[in-house]
Number of protein chains: 2
Amino acid sequence: MNRKQLVEQIFQKKTFLCVGLDPDIRKMPECVQQEEDPIFFFNKQIIDATAPYCVAYKPNLAFYECLGVKGMTSFERTVEYLQKFYPDHFIIADAKRGDIGNTSAMYARTFFEEYNVDALTVAPYMGEDSVTPFLEYKGKWVVLLALTSNKGSHDFQLTEDKEGERLFEKVLKKSQQWGNEDNMMYVVGATQGQMFQDIRKVAPNHFLLVPGVGAQGGSLQDVCKYGIIKDCGLLVNSSRGIIYAGHDENFAQASAEKAKDLQQQMEVELSKIG
Amino acid sequence: MNRKQLVEQIFQKKTFLCVGLDPDIRKMPECVQQEEDPIFFFNKQIIDATAPYCVAYKPNLAFYECLGVKGMTSFERTVEYLQKFYPDHFIIADAKRGDIGNTSAMYARTFFEEYNVDALTVAPYMGEDSVTPFLEYKGKWVVLLALTSNKGSHDFQLTEDKEGERLFEKVLKKSQQWGNEDNMMYVVGATQGQMFQDIRKVAPNHFLLVPGVGAQGGSLQDVCKYGIIKDCGLLVNSSRGIIYAGHDENFAQASAEKAKDLQQQMEVELSKIG
């Protein structure tokens, strides 16, 4: 999916919500746990219920890999289900990959050919040749970690060099020599508040993937105040806050309500730039 | 496997070689490609042939994931084969994972419970809470990226802060507050030559996992000159240089010869510290 198509979806549906599909069997309602493939069953219900309120889904690979081959089968089935029934939804595989060139090329093949998702999160630590193999796929996106939502983000990402440039700023600047606004997004945590101003100074036009609203405590309004741009330029993700909203057989309906609530807040924000 | 056991293996077998199991079907001899599970068949032959000359194996997940569920089955079978027939070999899953705390915990569960490997490579960009969940498993190891072997390593890892401390040094120092010499190693590329002196100033006693000898051009002798310590403290990895040494049905024998050649060079280096 290209940028124009993504932006069209956002303004048509009045939402820039991304639903994180992080299925943890231990947190699912009991009725789901008895299914043959509980993860796929759970995802399918969540997707059907939330699809009207979001433009993207972000399965986090950790939650599938931890079940070995069985979990990866659930991941495949989830992606295939989305592609078949919701082809206008953007799919981000949240895998935070990145390795030396020839290995990154293998990961790129995995996610952009084998699974054929739209985007992949990538870690920047290993530099240019760890990122560029992912940029060779037309219509696909790298979502590069810049300033993450977790506490540990302060350990290295805020380190200033001799000129006062912080590591996340260096990542934003340097990576713009490798990709562009049409094939690269950045991860910026919603918990970073006013830091969005600094991000927008260096990356004024890139889409930002924003985790951390909901369970992690970030504010949608703050993110929009400092981060929204004229074609929106934001995908705000919520995982736990949406998918574990309910605890019984009506869990999908509870998720839909949480997603709808965020969609309505997003509609307000979008009306300000419309 | 704990440090004492690993060191015993190194001095007993007179080698600190790690064989990288990066099976790319396109590079395998034709006779292998016709097998039902070519990757496992290939790995099994390579393992049987090289086991006397190495103390560790490092499957790189990218090469398994790229084949989807089928590839992950080959990975599982490879790990199970090693655990059953070569229980004294150290197994490093090269996956370069790292995410927010609750997600890293899922990855830790995957690799240390589900697959039960000895060690996992982890990317440091997201800081403390992305690394510590892996350190909670007794007898298991985090192998943290410090100064990698690829060209892109210079993009961010050498960035100096205001006090002249480079990012890889900050990673080495900070992470020593999270783990210790008995549950944490560092990745340092063999291509970094004299940088091993700087590494040893900050991490004098940690084991280093050293890729980049062979296909990537690093020198074993340089690595030892600057990096070896009294209990060795090195695992030197070669992947492509060993596993693709042969191109016909005698491929495993060709791999064994390459591995033996490295083992003999390592024996010389070990005799200097013995």
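The values are calculated or read from the model by the stated rules, or taken from the named source; none is laboratory data. A quick note: this is a predicted structure, and the numbers were derived from the prediction, not measured. Methodologically, a virtual Cβ is constructed for each residue, glycine included, from the backbone with ideal geometry; neighbour enumeration extends over all protein chains shown.
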Kindly indicate which of A:Asp48, A:Asp37 is closer than 14 Å to A:Tyr86 by Cβ and among the acidic types (Asp, Glu). A:Asp48
May I ask you to say which residue of A:Phe11, A:Phe41, A:Phe16 is surrounded by fewer than 18 Cβ atoms within 10 Å (Cβ to Cβ), at pLDDT 95 or above and more than 14 Å from chain B (Cβ to nearest Cβ)? A:Phe11
So which of A:Asp155, A:Asp161 ends up being surrounded by 22 or more Cβ atoms within 10 Å (Cβ to Cβ) and charged (D, E, K, R)? A:Asp155
Just one of A:Gln33, A:Gln5 is within 17 Å of A:Tyr244 (Cβ to Cβ) and of a type outside the set (Val, Ile, Thr); which is it? A:Gln33
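Condition check ((1) acidic (Asp, Glu); (2) facing another protein chain (nearest Cβ under 9 Å); (3) free of Cβ contacts under 8 Å to residues at least 40 places away in the same chain) across all residues:
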| residue | (1), (2), (3) |
| --- | --- |
| A:Ala146 | no, no, no |
| A:Asp155 | yes, yes, yes |
| A:Arg166 | no, no, yes |
| A:Gln194 | no, no, yes |
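Yes/no per residue for (1) in a helix (DSSP H, G or I); (2) free of Cβ contacts under 8 Å to residues at least 12 places away in the same chain; (3) farther than 16 Å from B:Cys66 by Cα:
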| position | (1), (2), (3) |
| --- | --- |
| A:Ile10 | yes, no, yes |
| A:Ala49 | yes, no, yes |
| A:Lys84 | yes, yes, yes |
| A:Asp88 | no, no, yes |
Before we move on, is B:Arg109 over 16 Å from B:Trp178 (Cα atoms) and either surrounded by fewer than 24 Cβ atoms within 10 Å (Cβ to Cβ) or more than 19 Å from the chain's Cα centre (by Cα) (or both)? yes
Provide a single number: the residues in the stretch A:26-38 that are of a type in the set (Val, Ile, Thr) and surrounded by fewer than 15 Cβ atoms within 10 Å (Cβ to Cβ). 0
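Let's see how each residue does on (1) within 12 Å of chain B (Cβ to nearest Cβ); (2) part of a loop (DSSP other than H, G, I, E, B):
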site: A:Asn150; (1), (2): yes, yes
site: A:Leu158; (1), (2): yes, yes
site: A:Lys170; (1), (2): yes, no
site: A:Tyr186; (1), (2): no, no
site: A:Thr191; (1), (2): yes, no
Within the stretch B:226-243, which residues are buried (at least 22 other Cβ atoms within 10 Å of the Cβ) and either basic (Lys, Arg) or part of a loop (DSSP other than H, G, I, E, B) (or both)? B:Gly233, B:Ser239
State all residues of the stretch A:235-259 that are under 18 Å from the mean Cα position of the chain (by Cα) and under 30 Å from A:Arg3 (Cβ atoms); if no residue qualifies, say none. A:Leu235, A:Val236, A:Asn237, A:Ser238, A:Ser239, A:Arg240, A:Gly241, A:Ile242, A:Ile243, A:Ser255, A:Lys258, A:Ala259
Note down all Cβ pairs under 6 Å where the first residue falls in the stretch A:196-214 and is under 16 Å from A:Thr121 (Cβ atoms) and more than 14 Å from every other protein chain (Cβ to nearest Cβ), the second is part of a loop (DSSP other than H, G, I, E, B) and not aromatic (Phe, Trp, Tyr), and they're at least six residues apart or on different chains. A:His206/A:Glu181; A:Phe207/A:Gly233
